[in-house]
Amino acid sequence: MQVFFTPDISNITYNLSKEESKHCIKVLRMKAGEEVCMIDGKGGLYYGIIDEPESNKCVIRIIEKIEQYGRKNYTIHIAIAPTKSIARFEWFLEKVTELGIDQITPLLCERSERKVIKADRLEKIILSAMKQSIKAYQPILNPITPFSDFVKNNTNSSGFIAHCEDTPKPSLKSQLTNKQNIIILIGPEGDFSNEEIKLAVSNGFQEVHLGKSRLRTETAGIVACHTLNVIKDE
């Protein structure tokens, strides 16, 4: 069943946006009477029937609404340095959205190779992944934030920093008991600096590892997201 993003849905009928209408009628060639699925990004999942298949304003009649679809009793916030290759960072965003994530904050670190991102394009990738995986809650993509500002302003949640320094540290998996609002920091290709690690620890972040392999930045972010979802869903 085709899925459409309908952020301002509220009545028993809904007019798809011009972009979504064109995709529905011109690209997918859907007709009157066909059933569709819609998500509003706020936890609402809707089923509807196409009443007026117009390419500029496709009208959907709502037949069922499910509230808080896919709601979890925990939150995942990954703060990660964007990769030099924006395609790899876009791939990360797509996959963590499919897995289930609540917030992403791009970090500006000492060793960051990418210091600018195009938020509009990244939001479109997130929305596409939401529809693909039928996620009713839209992840928040925060502005790119200096590392020091982020760790100093996020000391109330259960925070972790994953890095590659050869120091004794527990696995992320072993540290998740009773933690509901989880933040994990993932560094750039050159990893966090020693000063950044010390700053995070002094602000309450716990050092962890993500396994025995040395992972690329975007892979580490996906592994962390998957680990958190699997453990917290058990």
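Throughout, read-outs are computed from the coordinates displayed, never taken from laboratory work. This one's a predicted model, so the numbers in the text were calculated from it and none came from an experiment. All Cβ positions, glycine included, derive from the backbone under ideal geometry; neighbour counts span all protein chains shown.
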**Study point:** Links that overshoot a 24 Å alpha carbon limit, given the list LYS31/LYS95; LYS26/LYS124; LYS65/LYS95; LYS95/LYS131
**Key:** LYS31/LYS95; LYS65/LYS95
Review point. So which aspartates and glutamates can LYS72 reach, going by Cα to Cα under 14 Å and dropping same-chain residues fewer than 8 places off?
Key: ASP102, ASP233, GLU234
**Study point:** Residue-averaged [θ]222 nm for the chain, counting only DSSP H segments that reach four residues, each worth -39500 (n - 2.57)
**Key:** -8500 deg cm²/dmol
**Study point:** lysines with Cα under 19 Å of LYS152, excluding same-chain neighbours fewer than 8 positions away
**Key:** LYS198
Check your understanding: Between SER171 and LYS31, what is the label-to-label distance in nm when each label sits 7 Å out along the Cα-to-Cβ direction?
Key -> 5.4 nm
